[in-house]
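None of the figures in this text is laboratory data; all of them are computed from the coordinates on show. What you are looking at is a predicted structure, and each value in this text was computed from that prediction instead of being measured. Note that we place each Cβ from the backbone using ideal geometry, even for glycine, and neighbour counts take in every protein chain shown.
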Amino acid sequence: EQAQQQREDLISGINSFYLIFAGALVFFMQLGFAMLCAGSIREKNVKNVLLWNLLDSAGGAFGFWSLGYAFAYGGDDPTSSQKTFIGNAGFFLTGDTDMEFWFFQFAFACALSSIVAGTIAERCQMMAYLCYSIFLCGFVYPVCAHAFWSANGFLSAFAKEPLWGTGVIDLAGSGPVHMCGGVAALVMALVLGPRRGRFHDDDGNVLEEPKPMGPHSVALQFLGTFALWFGWYGFNPGSTLKIHSAQLGDVASLVAVNTTLGAAAGALSGMFTSTILDERKTGVYTFDTTAAMNGCLTGLVAITAGCATVEPWAGFVIGLVAGWVYLGASALILRLKIDDAVDAIPVHMFGGAWGVLATGLFSNPNRMRLAGYATGNLGWFYEWGRGSGNFTLMGIQICSILFVFGWTVCIFTPFCYVLKFLNWLRIDPIEEEVGMDISRHKGSAYQSEDTNEKAVSELNT
Amino acid sequence: EQAQQQREDLISGINSFYLIFAGALVFFMQLGFAMLCAGSIREKNVKNVLLWNLLDSAGGAFGFWSLGYAFAYGGDDPTSSQKTFIGNAGFFLTGDTDMEFWFFQFAFACALSSIVAGTIAERCQMMAYLCYSIFLCGFVYPVCAHAFWSANGFLSAFAKEPLWGTGVIDLAGSGPVHMCGGVAALVMALVLGPRRGRFHDDDGNVLEEPKPMGPHSVALQFLGTFALWFGWYGFNPGSTLKIHSAQLGDVASLVAVNTTLGAAAGALSGMFTSTILDERKTGVYTFDTTAAMNGCLTGLVAITAGCATVEPWAGFVIGLVAGWVYLGASALILRLKIDDAVDAIPVHMFGGAWGVLATGLFSNPNRMRLAGYATGNLGWFYEWGRGSGNFTLMGIQICSILFVFGWTVCIFTPFCYVLKFLNWLRIDPIEEEVGMDISRHKGSAYQSEDTNEKAVSELNT
Amino acid sequence: EQAQQQREDLISGINSFYLIFAGALVFFMQLGFAMLCAGSIREKNVKNVLLWNLLDSAGGAFGFWSLGYAFAYGGDDPTSSQKTFIGNAGFFLTGDTDMEFWFFQFAFACALSSIVAGTIAERCQMMAYLCYSIFLCGFVYPVCAHAFWSANGFLSAFAKEPLWGTGVIDLAGSGPVHMCGGVAALVMALVLGPRRGRFHDDDGNVLEEPKPMGPHSVALQFLGTFALWFGWYGFNPGSTLKIHSAQLGDVASLVAVNTTLGAAAGALSGMFTSTILDERKTGVYTFDTTAAMNGCLTGLVAITAGCATVEPWAGFVIGLVAGWVYLGASALILRLKIDDAVDAIPVHMFGGAWGVLATGLFSNPNRMRLAGYATGNLGWFYEWGRGSGNFTLMGIQICSILFVFGWTVCIFTPFCYVLKFLNWLRIDPIEEEVGMDISRHKGSAYQSEDTNEKAVSELNT
């Protein structure tokens, strides 16, 4: 008896340890987003986007502490089969809340608003940024998280009576995190419009080719990409939430492996496909760094949903397709004249949707069981394999995608129009020309001085 | 019996694991300090300060291995109520020393000397730097750590008979680490004097406004800030030292949450307060990246002492005030014509002192009990709450601040004057003009080459 | 009974946790290699080497997933005393494979191919890079790893009947990882030849002094160095593979301490020795950042083999000597006109060889026992100490060095010549002149724009 109690005591400590460190790694993704985003844009707005990224960690913490966590998970009742829209307890971390889970989830919420920051860089006002960032972390994301992961969420696989006997499979949030952020970015980009000169010249005529704007530092972009990949080893494996048994250890290990293979396959397929397509047009073999980096990130986004329930080979395939998804989506939004300064819409919205879908295709019965999901409905390919064609799991996954898309568009569009109406959304044309570092942040991000040659020669004598 | 032994065996392994990883995260702060510091100064001394930051990891390891650890914790005797000034066993890690604790504490010692590096950048000789860095890690810091944390320290809460029944509450070192480093930085800055041209023109007349010197790269500054925030999740949660029970897990989780809220509140209050103050003067809304970053760091420094014993709301309040402390202190030292190249004095000295003080105000009885502190004397506000006005804990905290300040000033001032007397302290004016990268490090930190346009056109044909 | 089972279950989870996080830290070294390498070269090839570093994570994952892991550890049979050359099961992670161990080892394989990337930067074709990177991760490294670490490896200390009763002591891979990578870099550098203009002028006359080529950003170099040092705390402590007992915890802690002291000593001896040597020649005290950084890395490489079996003082000595090894080897390869863009050959090949050797000198009986090695043959100095002069362990270590060198040279040389013969190896002279960022990657890594002064003045009015 006492031994059992001691055991549980120890286990609780270990799981706290696990979530704290995984949460720290997820927080590290803020560094990654900041560097990727800063590297991707023009030099004149570097301070601006870096500040945004710091503030959305800070604002995200405030928003998720005050409201977000309570809306997402407050008052969860696993014993009840009732579904709720949002939670309603634990505002400001009052009551008996699970601190390590708050910490882990706070880092998720921050990631979400960093996704949007990239897309709308170089033309959005600070005020709008702050408003939407608190709104996203405090309300939009929590509703998604509640639906997917709360014990009373209507899509949740962890509910007492999950939707259609199974509920959605999305371990770490291709849907509620990445796709939600990507959709918000899309809405913002549409309402805000493109950067001046991106698609049109000064007289308003359409340019033949969109004018490239950035990246001003590919080194920062790669720094960010590596940092994100690294942080994903907290994001995905940490999402098992517990690690106190061989089974949980096996699941977390599979997650780490799938995360790796998804990223790798995405990078390879993104880059080589772009090389082949380019060669057909120009006859020269070139290797596009952006395609490699964003292919990699799209692979990571896509494997996030199914990393615990698909086999490694399927993880690789999901990443492979993710690379193509990225290239196609990126070309599509460019054709639609949607200006996305860091290609976050293709990476997170399209990649996230593909990830949720792919989980419905590839989820393996053994892996599902180990990861604690109901196994009444399998991934579609496995249903085929046993000759059933049962589309239930796929159906749930598709509903989940539609829900995230619908919810985010419906709530975020009016919000953006309010900001626009208040004139809080877009900066002045002259400010855009000069850059926000000078207009709002007291000067450029980089300062060089010429060497005092006279002093140098004096020194040498 | 055997089960109990097996349990302890397992626990010991887990706690080693915990400290090794937490220590690695603390070590990561060296990367953060290096990048923050390099970004904050002028281009011509970048190699110099980066090298300093590497050398203080190396020199700190040497100093803490040879002497520091033995002085800080060597020969601790928890069964004795005797107080000692310094320890006296375990030099060079001989004897039965606790390796993982050495590793964790080594990283703390390095952080301390990196704090000073920032302040005195661009004008201090390498020799002085090396001497003070070994002196700090090998002697000044260990004495502080001994007083605060050793079982025989006179301020220690972990002593058999702690001071006034309670001892100082400083979980992770707002006092012995940050404030000690900040005071050392202040002493150095005073003895060394400001950079040439910072407050005076060439004829020695006082400038109306101090001349801005840097930052040369805001991207590196933000990189450093994010890295420090991340590393703090090793610094603070790791300072519970153990994680083998639900209670320890809860404490460590609270620490992670408070660390987050302190940082967030500091960033928000630092930046917005500076925005409001600026707007009053100039009529334009600007957003100061330095105020945001240093506000954030001051929040982190301030929450370090009380992160295990205050409620989340208090953590947020401590961070909020920390932002103001930073702005006030930064304006103050500028007015006093103290030249601090990275504002480490406001962040670490003032922030650290505020943190120790705030712990005396906000420490909550429940949290204190969980974290293993005596609960005879509570935070002053809680004493008020129960109508007592007992000032004991506050008194201890104030004494601790005075001790750190007094000790560091008294031991470090003569040390600096000796260096000055030996002419090892300050570089030549001509070297200062040229920059130390050219004078001492074989050339500039950045090298650009012009593209060979002829070759490009040849390539394209 | 049941308690014992529960205990093992818990232990299994904890060890998975340990390897996942250690593996993530090792993966972080990819960021370090990328930044170090990018900083060390000329601006015109920055995108190229960064892309290489991303692709070798991706290609390495593919190579190690498809073939490498199976060759290295597939079908290990600890009960058999048979020695095998390579493994033969678990291709594509099929069968009952140990996912967390795959993940940890995948990160090692990536590190290996990043080592080579640095050396051959600025002149090697993308095609060659991809081929060798998959070849290294998929075949060359696995054979080394099998020999050193598999239960059926002929050098392995973990075999049922290890070589000469002991087997090689190389905890984390000074030999199979670093030296193997360094030798591959040497072979590539020899077959590929130096960068144009490095040792000869345009007419083919030998230059008096090699022309310096880079570093273009010392800030990136330091960023990479700190990141690598940090990642090493996953590389070395993680190599205990388990952490579920006091004994394992003690070993891992010693490893962390030795890693620290090795790095510190390497940095100090590398830099100060170079300062003294320079002063003798020029009469001026200069402090070489490259010597400090590479001394530090060589210290880390060297301590990697013996970090679990030597005392801290020996760890410091090993690092100290590593600094000299670096300086000597670096001067040597320069004299031999071998062009190594990041000095990876001195750091990893020479440093790795010294590390394996030093382990044969300094391995301490107590530490060997704790770390689970047979103690029939001790480090040579300890054999001396007990008056025996038994050279067995040293002999094994020397054989291991010869094996890694011989194997890598024999298999990699023909491979490189095949690439050369296919004309896949070296880029065109004109491409080399222009830089690969323009010729193959669509433009420079950095883009600056001039500020629109007219708009600025308009803004200010």
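Would you list A:SER457, C:SER16, C:SER239 from fewest to most Cβ contacts within 10 Å?
On the way: A:SER457 10, C:SER16 28, C:SER239 23.
Lowest count first: A:SER457, C:SER239, C:SER16.
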At what distance in angstrom do the alpha carbon centres of the range C:62-92 and the range A:1-80 lie from each other? 39 Å
I'd like the Karplus ³J(HN,Hα) series for the range B:105-118: coefficients 6.51, -1.76, 1.60, θ = phi - 60°, whole numbers in Hz, and an x wherever there's a Gly or Pro. 6, 4, 5, 5, 4, 4, 4, 4, 6, 5, 4, 5, 3, x
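How large is the dipole of the range B:417-459 about the Cα centre if only Lys and Arg carry +1 and Asp and Glu carry -1, each at its Cβ, rounded to the nearest 20 debye?
Values: 5 positive and 9 negative charges, 82 e Å.
In debye, rounded to 20, the range B:417-459 gives about 400.
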Taking a label point 7 Å from Cα toward Cβ, how far is C:PRO429 from its twins in the other copies, in nm, shortest first? 5.3, 5.3
Take the Cα of A:ASP428, step 7 Å along the line toward its Cβ, and report every residue of the range A:19-49 whose backbone nitrogen sits under 19 Å from that point. A:44-45, A:48
Any idea which of C:VAL168, B:GLN125, B:THR304 is furthest toward the positive side of the dipole for the protein assembly as shown, if Lys and Arg beta-carbons carry +1 and Asp and Glu beta-carbons -1? C:VAL168
Where GluC sites (Glu not before Pro) in DSSP loops with at most 10 other Cβ within 10 Å are excluded, longest remaining stretch of chain A: A:209-461
What FRET efficiency do you get for C:TYR285 and B:LEU402 if R0 is 35 Å and r is their Cβ-Cβ distance, rounded to the nearest 0.05? 0.30
Placing +1 on the Cβ of each Lys and Arg and -1 on the Cβ of each Asp and Glu in chain C, which of C:GLY266, C:TYR233, C:ALA61 has its Cα farthest towards the positive end of the resulting dipole? C:GLY266
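Grab the DSSP H runs of chain A that are 4 residues or longer, score each as -39,500 (n - 2.57), total them, divide by all residues and round the 222 nm result to the nearest 500 deg cm²/dmol. Display every interim value, and only then the final one.
Working: 18 runs with 285 residues, N = 461.
Estimated from H runs of four or more residues: -20500 deg cm²/dmol.
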C-alpha center-to-center spacing [the range A:318-384, the range C:123-179] in angstrom: 36 Å
Might you report the magnitude of the Cβ-based charge dipole of the protein assembly as shown about its Cα centre, with Lys and Arg at +1 and Asp and Glu at -1, to the nearest 20 debye? 800 debye
What dipole magnitude, in Debye to the nearest 20, does chain A give about its Cα centre under +1 on Lys/Arg Cβ and -1 on Asp/Glu Cβ? 720 debye
If each label sits 7 angstrom from Cα along the C-beta direction, how far apart, in nm, is C:GLY387 from its counterparts in the other copies? 8.2, 8.2
Charge dipole (the range C:17-443, unit charges on Cβ, about Cα centre) - positive-most of C:TRP313, C:ALA331, C:ILE345: C:TRP313
Set of lysines with alpha-carbon distance to C:LYS242 below 19 Å, sequence-local pairs under 8 removed: A:LYS242, B:LYS242
Folded to 0 to 90 degrees: helix C:2-40 orientation relative to chain C principal axis, Cα: 20 degrees
If you put a point 7 Å past Cα along the Cβ direction, how far is that point for B:ASN452 from the same point in each other copy, in nm, smallest first? 3.6, 3.6
Can you list the lysines whose alpha carbon is less than 26 Å from that of B:LYS44, not counting same-chain residues fewer than 8 positions off? A:LYS44, A:LYS47, A:LYS442, A:LYS454, B:LYS211, B:LYS337, B:LYS420, B:LYS442, C:LYS44, C:LYS47, C:LYS211, C:LYS281
Could you check the simple spin-label distance between A:SER457 and C:GLU453, using points 7 Å along Cα→Cβ, in nm with one decimal? 2.7 nm
Classify the range C:17-443 from the C-alpha gyration tensor, please: rounded if a/c falls under 1.5, else prolate or oblate depending on whether a/b exceeds b/c. oblate
Relative to 2.2 N^0.38 Å, what does the C-alpha radius of gyration of the range C:60-164 come to as a ratio? Two decimals please. 1.13
